[in-house]
1. Consider Asn138 against the criteria (1) in contact with a Lys or Arg (Cβ under 9 Å, 6 or more places away or on another chain); (2) part of a loop (DSSP other than H, G, I, E, B); (3) of a type in the set (S, T, N, Q): it satisfies all of them except one. Which criterion is unmet?
2. For the structure I just gave you, tell me whether Ala90 is in contact with a strand residue (DSSP E or B) (Cβ under 8 Å, 6 or more places away or on another chain) and at pLDDT below 90.
3. Pull out all pairs, ordered by first then second residue, where Cβ-Cβ is under 8 Å, the residues are six or more apart or on different chains, the first lies in the range 209-225 and is modelled with pLDDT under 65, and the second is exposed (fewer than 15 other Cβ atoms within 10 Å of the Cβ).
4. Considering only residues of the range 290-314 that are within 18 Å of Phe71 (Cβ to Cβ) and part of a loop (DSSP other than H, G, I, E, B), which is farthest from the chain's Cα centre (by Cα)?
5. Tell me, which strands (runs of 3 or more DSSP E) lie completely within the range 235-289 with 2 or more residues that are of a type in the set (Val, Ile, Thr)?
6. Looking at the range 95-108 only, could you name the residues that are crowded, with 21+ Cβ neighbours inside 10 Å and either outside the structural domain of Leu34 (by TED's automatic domain parsing) or in contact (Cβ under 8 Å) with a residue 40 or more places away in the chain (or both)?
7. Would you point out the residue of the range 136-163, among those that are assigned by TED's automatic domain parsing to the domain that holds Ser93 and of a type in the set (Ser, Thr, Tyr), that is surrounded by the most Cβ atoms within 10 Å (Cβ to Cβ)?
8. Restricting attention to the range 164-185, and to residues there that are in contact with a Lys or Arg (Cβ under 8 Å, 6 or more places away or on another chain), of a type outside the set (A, V, I, L, M) and farther than 30 Å from Ile59 by Cβ, which single residue is surrounded by the fewest Cβ atoms within 10 Å (Cβ to Cβ)?
Amino acid sequence: MKKVVSGIVAVSVVASSLLALSVPRDHIVSEHWLKEHLGNKHLVVIDTRKAKLYKMGHIPGSISMPLGQKFRESRYWNPHTHRPIPGYIAAPSKFTKTMREAGVNNNDVIVYVANNKSSHGFPGAALAAYTTIYYGHNKVAVLNGGSTGWKHDGGRLTTTVPHVKKGHFVIKRFNLSNIATVPRVDEAVTLHNVQLLDARGIGHPNESHYFGIMKVRPDTRLQAYGHLPGALPFFVGDFEYKKDGVYYISPRERDVKLLKKHGFKLNGKPIMTYCNTGHFASGAWFALKYVVGLKHTRAYNGSMADYTALPSRPLVTGRYRSTYPY
């Protein structure tokens, strides 16, 4: 009887590794979900942390694809530092190469893992997800709590780097409904037809950029400081909560309460998010679209690094509240 039971368990494990996976509607998976599905041939876990953190210990089977190297692009040249300004999602060729190097095929589910020791972790995983969805692959999720939560909940870490069979991922379509480019931003600023959310927020180190105070925490990626006319500040970290040293994605009820408190009307005009380079904006976009359920939300690709490099674009400094009611 014992052999029969063992055989049934073995068959169940093999069967689960072969089954196609589905992604939760909010594109968020828990440590329990990931533990249950690790080993499934249709699951690819991508670690977006810096390579040195990955080498110190990572989720078994996960692939290292550092966010800045694999999911971002640079554009323009900063006249002060003579260095390229980051802030753009990876080009189609670069993204395709990254996916194939990670062993991704078009029928696979991708789970992105970040370092959630701070509130900056989740936006990084969200940026990777934003890029993936932009290139038409919707089978993607982020690990709630990231590698920090995984370790906290007793998840095993390893230093073994898995052997990866090259994938055959191809871009089959573009999802343009999530992205805001300069013409849409110009339209928003001129016609006031969307609610603008500045994910840098206030009450946090980056508030100096929102207020246009150049002497505090200068950012050489920006050529001017201030915020888009009409924009309301909402720090991306407020879409998270901290528990036992781990930052987790906040539930919808908490997000709704905070958004209303900050002056956003959730049954009103669509929301467009932005920050300095699109990193925080992607986190805010993810939370608004998939947690709060505002499906028409867009994130400004390039954000203020792009906007402040353009000629004759208006900026507001020294004010907190919107210059017009939504």
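The values are calculated or read from the model by the stated rules, or taken from the named source; none is laboratory data. What you see is a predicted model; the values in this text were computed from it and never measured. Heads up, the Cβs are rebuilt from the backbone with ideal geometry, glycines too, and the neighbour counts pull from every protein chain shown.
1. (1)
2. It is true that Ala90 is in contact with a strand residue (DSSP E or B) (Cβ under 8 Å, 6 or more places away or on another chain) and at pLDDT below 90.
3. Filtered contacts from the range 209-225: Arg217/Pro205.
4. Gly302
5. 246-249, 271-274
6. Hits for the range 95-108 are Phe95, Met99, Ala102, Val104, Asp108.
7. Ser147
8. Quick first cut of the range 164-185, residues in contact with a Lys or Arg (Cβ under 8 Å, 6 or more places away or on another chain) only: 166-169, 177-180, 184.
Next cut, of a type outside the set (A, V, I, L, M) only: 166-169, 177-178, 184.
Checking the rest, the ones that are also farther than 30 Å from Ile59 by Cβ come to 177, 184.
Details: Ser177: 12, Arg184: 15.
So the residue we want is Ser177.
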